[in-house]
Structures are given as structure tokens and as C-alpha cells.
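Here the structure is laid out as C-alpha cells; the discussion comes afterwards.
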Amino acid sequence: MASPWVYAARRLALAVPLLLGMSVLVFGLMRLVPGDPAVVVLGYKATPEGVRALREAFHLDEPLPAQYVRWLAALVRGDFGVDFRQNEPIGRMILDRLPVTLELTLVATAGAALIGIPLGLLGGARRRGFADRATLAIGLVGVSIPDFWLGIMLMLGLSLGAGLLPSGGFVPIGESVVDNLQHLVLPALTLALSRAAVLGRLSRAAVLDVAQRGFVQFARAKGLAEPAVLFRHVLPNAAIPIVTVLGLQIGYMLGGAIVVEMIFTLPGVGRMTLDAVLERNYPVVQSTVLVIGAMFMLVNLATDILYGVIDPRVRHR
């Protein structure tokens, strides 16, 4: 059996061609979007001369292969290009907004893990009991609710209705930790609940699978208390599928942040991406999608490396 470290090395080796393929895909898809970005940028002031000048300034008059090669060569040098609208370096814009998206994703991941894993453990440890049925019901409801609907309902109920939390906006953690967390609760909860449902169902299945194995039955036969059996024998061996799904859910949350940031007006990379799509702002969309894709790959790589830490078979070799 190959070591998880080998899988991690292979994943890292595949990162470059995967990113290259992603760049080709996003570049091509953006060119299929109807509308001329030069006309969108100039708006009612657009004239044939102005449109022509703007297209020349941003090299939009060149053939598509030449545009792609120019953009890719700039990326290799660390140059993400210039925003059509604000005429600012895209790299600096991403760095300014990336902390918001990362913080939202981290808080949502913590929430999903704190809700989903205990539910799954409780349901798996007490099969066919009330906790098990509750886990299945919560999981079914959670995976069926779309993020945009859940976000709007949470905003109407907890913010506009009860007045418990802000309905939108963002306060940097450096200005006020309390205000920062208050503004992140609703968006993070929106992202976390559906992922917690998936994580809870998977945790339950993993616990049920491990609980039927011989070494667990032997531990019970020795007279170990059920909590000791669960946390010393079942959980370490059920951790690998749980960590796998958690890593995938982090990637999905990075993508889901686009919708959530728009609903709660968070100034993150997701909202920046959606605004750029509506404005036909090619360089911004291409750069932000690549950054999100690279972060997804890094999360998967970290998950593969984590296997070597949590897998008992690897630790005891």
C-alpha cells in the first residue's frame, strides 16, 4: 500500500498541469460570455473610437491565442494584470480581499466540524436510536437547502427579525474582534450548515463501519467503557474518511463563498469574482478563479499529508 506521503507528492506534481488546464478553461469560457468588455466599461460614453482605444490598451484586439500567451507569461512573472474598471493591479486587489474569504472559510469549516462530527459520532454510536434518527433527518434537510435560500432566511430571522446579528458588512479583525465575529456568524453559518450535514452523515457511516470490526468487538469484550472504545479505537480509524470529506468541503466552501459574500456584502474574493463576471472583466475573473483553484489544490494536498499523521497504520510502521 502506497504511503499517503506518496499520494501527496503525486498530487503536488499534478498541480501545474491542472492549473494550466484550468487557465485554458476559464480563459475560453470568459470569451464565450456575450458582450464587449470595452463597451461595458465605457457605458453610455462609449464611442467607436473610445472602444477601439480601450481594446488596444488591454490587447483585446489581438487573436485569442496571443491574448492567452500574453496573460500566461505575465502570470509566470507574478503579474495578474490590471483591472479594466479601476485600473488597479489585480494582484494587490486579491491580496486585499483574500483575508476576508479565508477567514469566512476557516470559521465555516470550524462550525461544520463542530456540528457535523459530534452528530455523526453520536448517531453512529447509538444506531437506530433517537440520536441516529436525528442525525439522518438533519443530514437530509441540510443537504437539500441551497446556500442562497438559507442565507436569506437566516438574515430575515436572526438579523432583520430578531435584531441579534448584523445583516451584512465586514469589520476587520484588527479593528474589533467582537464586531468581526458578529459580522461573520451569519455568513459562516450559511456555509457551515449544509457541509455539517454532509459531514455528519459521513461520520455516522464511518463510525458504523469501524464499530463492526473485530478489534472493536475485542475492546468491548475486555470490558472497556463505551466512550473509551469510541474515542480510542473507533474514532482514530474512522478519521481518514472524515478528514477526506472535510478537506473536500473546505474546497466547496471556497466556491460557495461567492454566493454568500454577495448576500451578506462581504468584500472578499468571491464577491470580487462575481462582480467581475457581470462587468466582463476578463483579467479579474481569470485571476481570481485560478487563485481559488490553487487554494482548493493546496487544501487537498494538506489533506493527503494529514493522512500520515492520523492513520494508525502509518504511525505504527
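The values are calculated or read from the model by the stated rules, or taken from the named source; none is laboratory data. The shown structure was predicted, so the numbers you read here are calculated from the model rather than taken from an experiment. All Cβ positions, even for glycine, are placed from backbone atoms using ideal geometry, and neighbour counts span all protein chains on display.
Observations on the model:
- Residue within the stretch 96-112 that is more than 30 Å from D209 (Cβ to Cβ) and among the acidic types (D, E) present: yes
- Y68 among the hydroxyl-bearing types (S, T, Y), over 25 Å from the mean Cα position of the chain (by Cα), farther than 30 Å from V243 by Cα and at pLDDT 75 or above: yes
- Unique residue being modelled with pLDDT of 85 or more and β-branched (V, I, T) when the list is V178, V229: V178
- Count of residues meeting criterion [part of a helix (DSSP H, G or I), crowded, with 20+ Cβ neighbours inside 10 Å and of a type in the set (A, V, I, L, M, F, W, C)] in the stretch 250-283: 10
- All positions within the stretch 143-157 that are at pLDDT below 85 and of a type in the set (G, A, S): S144
- Residue match in the stretch 247-254 (condition: under 30 Å from G28 (Cβ atoms) and over 21 Å from the mean Cα position of the chain (by Cα)): no
- Every listed requirement among (1) farther than 15 Å from A113 by Cβ; (2) surrounded by 14 or more Cβ atoms within 10 Å (Cβ to Cβ) is met by G247 save one, (1).
- Test: residue in the stretch 105-124 that is closer than 23 Å to I250 by Cβ, of a type in the set (V, I, T) and outside any helix (DSSP H, G or I): no
- Yes/no for G200 being part of a helix (DSSP H, G or I), touching a residue at least 24 places away in the same chain (Cβ under 8 Å) and not hydroxyl-bearing (S, T, Y): yes
- For A13, the criteria (1) within 16 Å of L290 (Cβ to Cβ); (2) surrounded by fewer than 14 Cβ atoms within 10 Å (Cβ to Cβ); (3) at pLDDT below 80 hold in every case but one, which is (1).
- Exclusive hit being closer than 30 Å to T265 by Cα and either at pLDDT 85 or above or not in a helix (DSSP H, G or I) (or both), set L184, L140, L160: L184
- Some residue of the stretch 80-102 being farther than 28 Å from V299 by Cβ and in a helix (DSSP H, G or I): no
- Among the residues of the stretch 24-72, those identified as in a loop (DSSP other than H, G, I, E, B) and either among the hydroxyl-bearing types (S, T, Y) or without any contact (Cβ under 8 Å) to a residue 12 or more places away in the chain (or both) are P34, A46, T47, H59, D61, E62, P63.
- If you go through the stretch 125-142 and keep only what is among the small types (G, A, S) and under 27 Å from the mean Cα position of the chain (by Cα), you end up with A134, A137, G139, G142.
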